[in-house]
1. List every residue pair whose Cβ atoms lie under 6 Å apart, where the two residues are 6 or more positions apart in sequence or sit on different chains, the first residue falls within segment 224-253 and is assigned by TED's automatic domain parsing to the domain that holds VAL311, and the second residue, located anywhere, is open to solvent by 10 Å² or more (accessible area, probe 1.4 Å) and of a type in the set (Phe, Trp, Tyr).
2. What are the residue pairs meeting all of these: first residue in segment 263-282, first residue not assigned by TED's automatic domain parsing to the domain that holds GLY196, second residue surrounded by fewer than 16 Cβ atoms within 10 Å (Cβ to Cβ), Cβ atoms under 6 Å, and 6 or more apart or on different chains?
3. With respect to ASN247, determine if the residue is more than 28 Å from the chain's Cα centre (by Cα) and of a type outside the set (A, V, I, L, M).
4. For segment 59-67, indicate whether the set of residues that are of a type outside the set (D, E, K, R), out of contact with any Asp or Glu (no Cβ under 7 Å at 6 or more places or on another chain) and within 16 Å of ligand 4 (Cβ to nearest atom) is non-empty.
5. So ALA693 fits all but one of (1) farther than 21 Å from GLY168 by Cβ; (2) within 16 Å of ligand 4 (Cβ to nearest atom); what number is the exception?
6. Could you please tell me which pairs satisfy a Cβ distance under 9 Å, a separation of 6+ or placement on different chains, a first residue in segment 639-668 that is assigned by TED's automatic domain parsing to the domain that holds GLU404 and on the phi > 0 side of the Ramachandran plot, and a second residue that is outside any strand (DSSP E or B) and surrounded by fewer than 13 Cβ atoms within 10 Å (Cβ to Cβ)?
7. If only one of GLY292, GLY302, GLY344, GLY333 is open to solvent by less than 20 Å² (accessible area, probe 1.4 Å), in contact with a Ser or Thr (Cβ under 9 Å, 6 or more places away or on another chain) and more than 28 Å from ALA716 (Cα to Cα), which one is it?
Amino acid sequence: MTVSFRTCPLCEATCGLAIEHDDGAVVKVRADAQDVFSRGFMCPKGVALKALHEDPDRVHVPLINEHGTFREASYDEAFGLIAQRLVPLIDRHGRDACAVYLGNPSVHNLGFLTHIRAMLHALGSRNVFSGSTLDQYPKQLSSALMFGSHLSVPVPDLDRTDFLLMLGANPAASNGSLMTAPNMRGRLRAIRERGGKVVVIDPRRTRTAADADEHLFIRPGTDPLLLMGLVNTIFADGLEQPVEHLNGLEQVRDLSLEFNPERVARATGIEAQTIRRLARELATAPSAAVYGRLGTTAQPFGAVCSWLIDVLNAITGNLDQPGGAMFATPVAGAPNTRGEPGRGSGVAVGRWHSRVRGLGEIFGELPAACMAEEIDTPGPGQVRALITIAGNPARSVPNSGRLEAALESLELMVSIDPYINETTRHADVIIPVPSPLERSHYDVMLYAWAVRNVANYSPPALPKPDGMLDEWQIYLRVGAIAAGHGADADIDALDSAIAAGAVAKAVADSRGPLHGRDPDEVLGELAPRGPERLLDLALRTGPRRLTLAALEAQPHGLDFGPLVPRLPEVLRTPSGMIELAPGMLTADVERLRAALDAHQNGTMVLIGRRDLRSNNSWMHNFELLVSGPERCTVLVHPDDAERLGLGPRAKVSTATGSIELPVQVTDEIMPGVVSIPHGWGHGDPGTALRIAAQHPGVNSNVLADDQLVDPVSGNAVLNGIPVELGPA
Ligand SMILES: Nc1nc2c(c(=O)[nH]1)N[C@H]1C(S)=C(S)[C@@H](COP(=O)(O)OP(=O)(O)OC[C@H]3O[C@@H](n4cnc5c(=O)[nH]c(N)nc54)[C@H](O)[C@@H]3O)O[C@H]1N2
Ligand SMILES: Nc1nc2c(c(=O)[nH]1)N[C@H]1C(S)=C(S)[C@@H](COP(=O)(O)OP(=O)(O)OC[C@H]3O[C@@H](n4cnc5c(=O)[nH]c(N)nc54)[C@H](O)[C@@H]3O)O[C@H]1N2
Ligand code: SF4
Ligand SMILES: [Mo]
């Protein structure tokens, strides 16, 4: 029996796992007690890596769709077909005619992070969509505007804070997000055990809320009003702390003046005196951090909400302080570790706009809420081909019914994915991917948001099947086709060209450790190929000048300790200052003012929820994760259930769609609010997920409106959707 140590790639917690295997077969997946970060913690999804690896429904060879049924094909045939259809399509209709959707698991995929840019560059399409505009771009936008880089997201210093104010996050189920920290429940418990306080703001009394010292219900979508009320109180009481390297303090104070606790109380549903008390506790705690997640980003004021959270961190003197909200120092580098310390070019967004609705570009992408209309609206620039990578937009985007219809109309659809699911069933070609245990792993992205500075590289635990391509090789193949090099281009040469380009940049960087070195000599020292070669270079040029070999020698990871203060060096704003009042965000306060007096008129609103044993729209194909009581239910407060005369099942409708599902009456949900998890609705014709089909649930995203976005970031509104509710 062999034991391979490996970081779990399924969520942001980055737990260390021990994979016990024998002669190529997985015997058991258990927690790695010696992992420097997770120290023996894991969740049931990690255990399911064995089931995922062994899943007979997983696709192992390329598939070609012929009149609605998939047949097995060779790579040559599959890529040949892509070349035959994609190249003329681009010639005829231009590069924007081929769109791309990049889904959530790509963030956890080393080969994606190192090689996808080459494919996207070769495609040259402005129609790049991803899960990030259904999720965290509002936070990355506010961070970019305030601190100069979209990776400079401050994270709560969980292990040292005395006071944690959490809005719209349920890490007891999600295991944390934009805050990489294995064992969230343990870390939250530790805050209370050392005499600190945890306060949760959520329209639902979640597991996280139930574990906290205090939980406050809030009307969905009104968090920015609450946050303004807190800012207002802190200034009114003179509790603000001096902050160095800061622009815009006066402006923020002025903007907050009209949002006193009395004015925001009615809209938020939180009493004025509670808001005042909370503000004072936050401002006077020895250390404190404010943290918000999906309930604060995938909502109508995502960007403003994300901004105000860090305004609070700053004016209470907790930004960049131990126990406050701090910046990680990722050892593989990030935009905030490269270039001139303390200053940069900031960010440019809105460099182009979506064709149909004119929504602005953000970080090289267009909002995923525009995807359907870009496909189904005729005219010059219409999207006619789509490549999905690790995404199931047929279940994840708002108004998914419209998107699914649009997928059917495409002239070409290619999916790089391990399953035939609700999205990929529409594809002409499916290119399979190795199982997580058959690929290497390093969290290039997530360590930028970790609550400790750690690093852990995992080689593949098991060899991939003979002849199977790695994902990065697939991207290079597709890129080569798009660039006109054909279906059988030499991808090793392309990989080497990418590495040579990266090394050329590194030796030209006058601040970097490789400045002036001979590029060939540097290349000769690096790992021989692929993602490892680029990771090795990133580590060598990163803040700790590590090598991949040094990391590989530490199978349980390297711990560089708690986060360290980084201001002003971390900044990459043009001014070299923290921009507390960026124009893009302050301009939206006008809209917030209008929300103060918006009446709900007794309509019910829908929010989402996550479950520990689920992962967005996938991982429902393992008995171990779907057994037990039905989880795709609508939570309704007893008063609402009675008033609406609900029986065991309810019909939930909006202008875009309607679903029926079991009712769960509970006072854990606030009156006037209902909650349904997203990502369900399995068993559609043509899908091949046998166990998921026996636990289908329903797809809540037929209810969400694709026309509703946060206008600043373009992020979809997935929480606080007005719905009609009645007995089924
Ligand atoms: N087990 C599991 N883990 C996951 C995932 C999964 O599907 N399953 N998904 C992963 C992904 S992709 C992400 S992005 C993260 C998300 O991580 P989290 O954001 O921690 O996860 P959610 O459970 O969506 O928590 C959002 C909370 O916001 C609340 N909420 C909704 N609307 C509002 C509002 O207007 N205001 C406030 N204050 N609260 C509101 C909801 O009730 C919910 O409790 O989780 C990741 N981890
Ligand atoms: N109503 C509502 N909608 C939501 C949300 C919500 O809270 N409420 N959450 C939103 C959020 S935060 C997110 S991140 C999105 C997520 O939505 P998506 O970005 O669509 O991602 P997933 O639903 O996780 O689907 C993952 C896909 O990747 C495939 N896959 C799994 N592993 C691999 C791999 O190693 N390689 C490749 N190539 N493919 C793989 C799976 O088979 C599946 O097709 O959903 C969003 N949609
Ligand atoms: S918490 Fe996340 S990283 Fe840890 S085992 Fe579960 S899914 Fe994997
Ligand atoms: Mo997400």
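The values are calculated or read from the model by the stated rules, or taken from the named source; none is laboratory data. None of these values were measured; they are calculated from a predicted model. Reconstructed Cβ throughout: ideal geometry from the backbone, glycine too, with neighbour counts over all protein chains shown. Ligands, DNA and RNA are stripped out before the accessible areas are found, and what is left, the full protein with its side chains, is counted by its heavy atoms. Shrake-Rupley method; radii C 1.70, N 1.55, O 1.52, S 1.80 Å.
1. Within 6 Å, the pairs are PRO224/PHE301; ARG253/PHE235.
2. Cβ pairs passing all conditions: none.
3. It is true that ASN247 is more than 28 Å from the chain's Cα centre (by Cα) and of a type outside the set (A, V, I, L, M).
4. The answer is no, given that none of the residues of segment 59-67 is of a type outside the set (D, E, K, R), out of contact with any Asp or Glu (no Cβ under 7 Å at 6 or more places or on another chain) and within 16 Å of ligand 4 (Cβ to nearest atom).
5. (2)
6. Nothing qualifies.
7. Details: GLY292 fails: more than 28 Å from ALA716 (Cα to Cα); GLY302 fails: more than 28 Å from ALA716 (Cα to Cα); GLY344 fails: open to solvent by less than 20 Å² (accessible area, probe 1.4 Å).
Testing whether each residue is open to solvent by less than 20 Å² (accessible area, probe 1.4 Å), in contact with a Ser or Thr (Cβ under 9 Å, 6 or more places away or on another chain) and more than 28 Å from ALA716 (Cα to Cα) leaves just GLY333.
Table: residues versus (1) within 16 Å of ligand 4 (Cβ to nearest atom); (2) within 22 Å of VAL429 (Cα to Cα); (3) not charged (D, E, K, R).
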{"site": "PRO88", "(1), (2), (3)": "no, yes, yes"}
{"site": "SER106", "(1), (2), (3)": "yes, yes, yes"}
{"site": "PHE112", "(1), (2), (3)": "yes, yes, yes"}
{"site": "GLN140", "(1), (2), (3)": "yes, no, yes"}
{"site": "PHE147", "(1), (2), (3)": "no, no, yes"}
